[in-house]
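Single-structure report; data block below.
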Amino acid sequence: MSYMIVKDEKGIIEVKWQIWRKTMERREDVKLFNFHASPFGQRVIWALKLKGVDYECIEEDIFNKSNLLLELNPVHKKVPVLVHCNKPIAESLVILEYIDETWKQYPLMPQNPYQRAHARFWANFAEHKLLDAAWMAMRSSGEEQEKAVNEAREAVEKIEEEIKGKRFFGRDNIGFLDIAIGWISYWIPVWEEVGSMKILDPLKFPAINAWITNFLSHPTINDTLPQRDNMIVYYHSRRKEVSPF
Amino acid sequence: MAEKKNSNGEVKLLGAWPSPFVIRARIALNIKSVEYDFIEETFGKRSQLLLKSNPVNKQIPVLIHGHKCIAESMIIVQYIHEAWSSSGPPILPSLPYDRAIARFWLTYIDDKWFPPLKSIVLGLDTEPIEEKLEKVREGLVLLEDAFNKISKGKDFFGGDQIGYLDIGFGSFLAWLKTVEVTEGVSLVHETTTPALAKWLQKFCAHDAVKDVLPPIDKLIAFSKMLRANVDLVINPK
């Protein structure tokens, strides 16, 4: 057991580091401001659950945002926001890295700098090339939808090459990249149904479809998913509107 | 710190002198005193080396470290911080919360603040220029406030040393100045953004920065060429 030695004006006080640390952990206060159908918030939930971090989830009505949310994220006024020991952090991929750096159990990021860069690259790629296209494919029709579906499929084709031969993007275990792009496994099929279109063709993309099965069969991933029926109803109502998140 | 050429070939950076994203990688390499070969891409064309080393996005910058290829500027900066951790000062803050704040502002800068500035530079017709300039100015007010909170009275976002957020934001300063000159406006100024005005001077004078920020007259000429060839910017060959 290692010791932390603190000197004050009365002399040297010896404190048992482990006891001090556990006391601090009990005082940790983790809150997540989220909207149940948000793919961005889901990433944060998965990360916290995999690491066994207790948190309080505060559901926001994104059409009637609370003053508290607006104070916590004044720049973007969006969910999710993680508040840890009264300090707010916004942007879900930023929150993921914060969670991984703060709670060391179940590491999400690889240790090797190149593999970390690789994971960040693909998370960034899916965010910028697939997410917007898939969202647009869900809420548009005709030529506009066809263009969006093609863009989304081009992005999926590249991700397919990346997952070939691997159970997860994190290799044997779910890692940062699985969580960062995990929304593909559940949100895209919902959007496909709502938009009456197909992006994740199992014949064209067998490796991604296999990953989806593996990913969704993990109890921690599966147990926290929002109800599919509710998602279908919600996204039908959003079909013609811009992203509210 | 002068650009280093003819290193043992272990580290290469594919880029172009005007690109703020390439400038980010160069500043980070300078901070870590890494010798590298700077391989300039020709505007409007993609070399075989670029297509091979970044087949997904086909964009500069690409850092080639031995056999490893790393793309996306701030991912490259984080890689440099991690791969050369024992050389030179750290680039990212040490505490997770401070890192999260730096990463948050980088996301804001790249996804929200830079697009209207880019649109002005390229002379795109998407909305009136006054509206784009207003968005740039509003962003600078937010960044001024962020600087005051994050720097805690020191010279840089990173404190005593330039760090991740200094690099990410500072890489746009030459383009910001270019827009001020070509549009006849003031964007960063001691009356409207006093903290950023001071930071800007110190940042541009820093050893790791001063030789990689392009001269404004060269950028002005380049921006005229860009406007005449917007198609090539959006769809390079």
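The values are calculated or read from the model by the stated rules, or taken from the named source; none is laboratory data. Every value quoted in this text rests on a predicted model; they were computed, and no experiment measured them. Using ideal geometry, Cβ is built from the backbone for each residue, glycine included, and neighbour counts are taken over all protein chains shown.
Report the residue count in the range A:196-239 for those that are free of Cβ contacts under 8 Å to residues at least 40 places away in the same chain, assigned to a loop (DSSP other than H, G, I, E, B) and either in contact with a Phe, Trp or Tyr (Cβ under 7 Å, 6 or more places away or on another chain) or under 30 Å from A:Phe63 (Cβ atoms) (or both).
Residues that pass the stated criteria total 2.
Could you list, in sequence order, all residues of the range B:179-237 that are in a helix (DSSP H, G or I) and in contact with a Gly (Cβ under 6 Å, 6 or more places away or on another chain)?
Passing the criteria: B:Phe203, B:Arg227, B:Leu232.
I'm trying to understand the selection: among the residues of the range A:78-120, which are over 13 Å from the mean Cα position of the chain (by Cα), among the hydrophobic types (A, V, I, L, M, F, W, C), under 20 Å from A:Lys31 (Cβ atoms) and within 10 Å of chain B (Cβ to nearest Cβ)?
Listed by number, the residues that qualify are A:Cys85, A:Ile89, A:Trp103.
Tell me, please, whether a residue that is away from chain B (no Cβ under 13 Å), aliphatic (A, V, I, L, M) and free of Cβ contacts under 8 Å to residues at least 40 places away in the same chain can be found in the range A:48-61.
yes
Given (1) within 10 Å of chain B (Cβ to nearest Cβ); (2) without any contact (Cβ under 8 Å) to a residue 24 or more places away in the chain, where does A:Asn64 come up short, assuming only one miss?
The one condition A:Asn64 does not meet is (1).
If you check B:Ser94, B:Ser85, which single one turns out to be facing another protein chain (nearest Cβ under 9 Å) and surrounded by fewer than 15 Cβ atoms within 10 Å (Cβ to Cβ)?
The match here is B:Ser85.
For the range B:111-164, what are the residues that are exposed (fewer than 15 other Cβ atoms within 10 Å of the Cβ) and assigned to a loop (DSSP other than H, G, I, E, B)?
If the condition is that a residue be exposed (fewer than 15 other Cβ atoms within 10 Å of the Cβ) and assigned to a loop (DSSP other than H, G, I, E, B), then B:Gly123, B:Asp125, B:Thr126, B:Glu127, B:Pro128, B:Lys152, B:Gly153, B:Lys154, B:Asp160 are the ones that fit.
Among the residues of the range A:82-90, is any surrounded by 16 or more Cβ atoms within 10 Å (Cβ to Cβ), in contact with a His (Cβ under 8 Å, 6 or more places away or on another chain) and not polar (S, T, N, Q)?
The answer is yes, given that some residue of the range A:82-90 is surrounded by 16 or more Cβ atoms within 10 Å (Cβ to Cβ), in contact with a His (Cβ under 8 Å, 6 or more places away or on another chain) and not polar (S, T, N, Q).
Can you find even one residue in the range B:49-69 that is buried (at least 24 other Cβ atoms within 10 Å of the Cβ), within 12 Å of chain A (Cβ to nearest Cβ) and either at pLDDT below 95 or not in a loop (DSSP other than H, G, I, E, B) (or both)?
So far as the range B:49-69 goes, yes, one or more of its residues are buried (at least 24 other Cβ atoms within 10 Å of the Cβ), within 12 Å of chain A (Cβ to nearest Cβ) and either at pLDDT below 95 or not in a loop (DSSP other than H, G, I, E, B) (or both).
Quick test for you: out of A:Glu127, A:Glu162, A:Glu146, pick the one residue that is over 17 Å from A:Trp183 (Cβ atoms) and either assigned to a helix (DSSP H, G or I) or modelled with pLDDT under 95 (or both). Reasoning before the result, please.
Values: A:Glu127 fails: over 17 Å from A:Trp183 (Cβ atoms); A:Glu162 fails: over 17 Å from A:Trp183 (Cβ atoms).
Answer to the check: A:Glu146.
A quick yes/no check of all residues on (1) under 20 Å from the mean Cα position of the chain (by Cα); (2) of a type in the set (D, E, K, R):
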position	(1), (2)
A:Met197	no, no
A:Leu203	no, no
A:Pro206	no, no
A:Phe215	yes, no
A:Thr224	yes, no
A:Gln227	yes, no
A:Asn230	yes, no
A:Tyr234	yes, no
A:Arg238	no, yes
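Do any residues in the range B:222-237 that are among the basic types (Lys, Arg) have Cβ atoms under 6 Å from those of residues that are surrounded by 12 or more Cβ atoms within 10 Å (Cβ to Cβ), where the two are at least six apart or on different chains, and which pairs are they?
Short answer, once both residue conditions are applied: B:Arg227/B:Gly123.
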